[in-house]
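Quick note: the coordinates plus some simple rules give every number you see, no bench work behind them. Predicted, not measured: the structure shown is a model, and the values here were computed from it. No Cβ is skipped: glycine too gets one built from the backbone with ideal geometry, and neighbour counts run over all protein chains shown.
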Amino acid sequence: MGKLEVIFKIRFAYPLMRMSTAEPPAVVYFENTGNTIRIEAPRFIPDISELPQQGFDQMTLHVERECSDKVGSDFSVQNSDKLQIGQDAAKAFWQLFEAIRESALRRDNIVFIYPVVPSEDLRNNPLVEGYESEWIYQGASLEKVKYESGRPVIQTTDDWWADAVKLLGDGSPVPVYSRFALDAFYFAQHDPPRGIIMACAAWETALRYYLANEASKQDPAYLIASKGGNIPKLVEFAQAARGGPLFFDLIDKAVGLERLSLESYRKRMNDLGRVRNKLLHQGEFKLQEMVATDHALAVLSAIEWLFAI
């Protein structure tokens, strides 16, 4: 057995204001993987000329564990994932800043607005601009890798621009439920539990708006229905006003992959409340990969169906 150490030198996406020596280092032990994470205090760079090309101040994070020579000498991505090196590093990183943010609130009534999300990949953490990692076994450096965090690209086309110009000119902002649904996609990538919550918020808001402003044209009783009830009850009223179950008219006409997609969306929508309740009642549970994104897609499709003429 030998000692494996993987060092991550993380560059922040935000500037650091350090008002203490912040010693000793933070240490987290993950019993399920056997990894120990040691996080040094952020290194403040007072001279702007010393800043790296991208990112701000730097923090060093160490992942340490015992393993066999065969495992310790294998720096492949597959072996790293099996040992959960990157996952535990990312988890300890966001837990540290979550704890700092909570302490600032509790001790000094300060609320920081930088994003703290439970990302299990440092590249997807909005606090991280990039990092360099080094795989060391028994004191020998076996590999050095540099990563840059992916950043979304702001795009526009003539049609998108024209639509935006018209909306602003007409004084017609994007509906709140659409904004919530689009936010659900963002959180689905960075913080899946919040993505589920935002998807639910989008769906409930859309249902209440539909009943109050569209269905009430058929029957004024829908206006009263829009002001109370839970999501299942609102769905029941909306489907009655719409003429059938979710996607019923689209599914009847669809074939092949389109039909399968719509049936999958319906299943996601029927399961959305259960997933949200599990989050709210248990506080936190492990979501399978892409589940939050799939729910966001289903909600967006359901909203489009709800308001289809």
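Structure notes:
- The ranking of Arg38, Arg123 by Cβ neighbour count inside 10 Å, starting from the fewest, reads Arg123, Arg38.
- Scaled against the 2.2 N^0.38 Å expected of a compact globular protein of N residues, the Cα radius of gyration of segment 56-173 reads 1.55.
- As an equivalent ellipsoid, segment 170-307 spans semi-axes of 24, 19, 15 angstrom, where each value is the square root of five times an eigenvalue of the C-alpha gyration tensor, largest first.
- Legend: residue pairs Lys233/Lys253; Lys166/Lys267; Lys82/Lys267; Lys70/Lys91, Cα-Cα distance threshold 30 Å; pairs beyond threshold, Lys166/Lys267; Lys82/Lys267.
- Each Lys and Arg adds +1 at its Cβ and each Asp and Glu adds -1 at its Cβ; summed about the Cα centre, segment 2-148 shows a dipole of about 180 debye.
- Stretch gain in nm, segment Glu134-Tyr114, where the contour uses 0.36 nm per residue and the Cα spacing is subtracted: 4.4 nm
- Leading residue at positive end of dipole, the chain (Cβ point charges), from Trp160, Phe248, His295: Phe248
- Our summary gives segment 78-201 a relative contact order of 17 percent, counting only alpha carbon pairs under 8 angstrom and 6 or more residues apart.
- Relative contact order, percent, segment 170-307 [alpha-carbon distance under 8 Å, six or more residues apart]: 33
- Contour minus Cα-Cα distance for Leu105 and Lys146 (0.36 nm per residue): 11.3 nm
- Cα-based Rg and Dmax for segment 81-236, where Dmax is the largest Cα-Cα distance (Å): 22.5, 76
- Panel values: the chain, Kirkwood radius from alpha carbon pairs, Stokes-Einstein at 25 °C and 0.890 mPa s, translational diffusion coefficient 107 µm²/s.
- Footprinting exposure proxy for Ile136, Ile224, Ile154 (fewest neighbouring C-beta atoms within 10 Å first): Ile154, Ile224, Ile136
- Under the simplified labelling scheme, the Ala254-Lys227 pair shows an inter-label distance of 3.6 nm, with each label point 7 Å from Cα along Cα→Cβ.
- Residues with amide H under 5 Å from that of Asn35, placed H, sequence gap 5 or more: Phe30
- Total formal charge among the other residues, if their Cβ is under 12 angstrom from that of Leu272, Lys/Arg +1 and Asp/Glu -1: +3
- GNM remark for the chain: springs join alpha carbons under 10 Å apart, and the peak mean-square fluctuation among Asp121, Asp183, Asp271 falls on Asp271.
- Label-to-label distance for Trp161 and Leu182 is 1.7 nm, based on points extended 7 Å past Cα in the beta-carbon direction.
- Kirkwood hydrodynamic radius of segment 178-257, from inverse mean 1/r over distinct Cα pairs, in Å: 13.8
- Per-residue 3J(HN,Hα) values for segment 219-234, derived from phi via the Karplus relation 6.51 cos²θ - 1.76 cosθ + 1.60 with θ = phi - 60°, read 8, x, 5, 5, 5, 5, 4, 5, 8, x, x, 8, 4, x, 5, 5 Hz in sequence order (x marks Gly and Pro).
- Computed E for Lys70/Tyr29 - FRET, C-beta separation, R0 25 angstrom, nearest 0.05: 0.60
- Ordering Val128, Val255 from the fewest to the most neighbouring beta carbons within 10 Å gives Val255, Val128.
- Hull shadow area, averaged, segment 231-284 [alpha-carbon convex hull, nm²]: 4.3
- Taking 0.36 nm per residue of separation and subtracting the current Cα-Cα distance, fully stretching the chain between Ala41 and Asp219 would add 57.8 nm.
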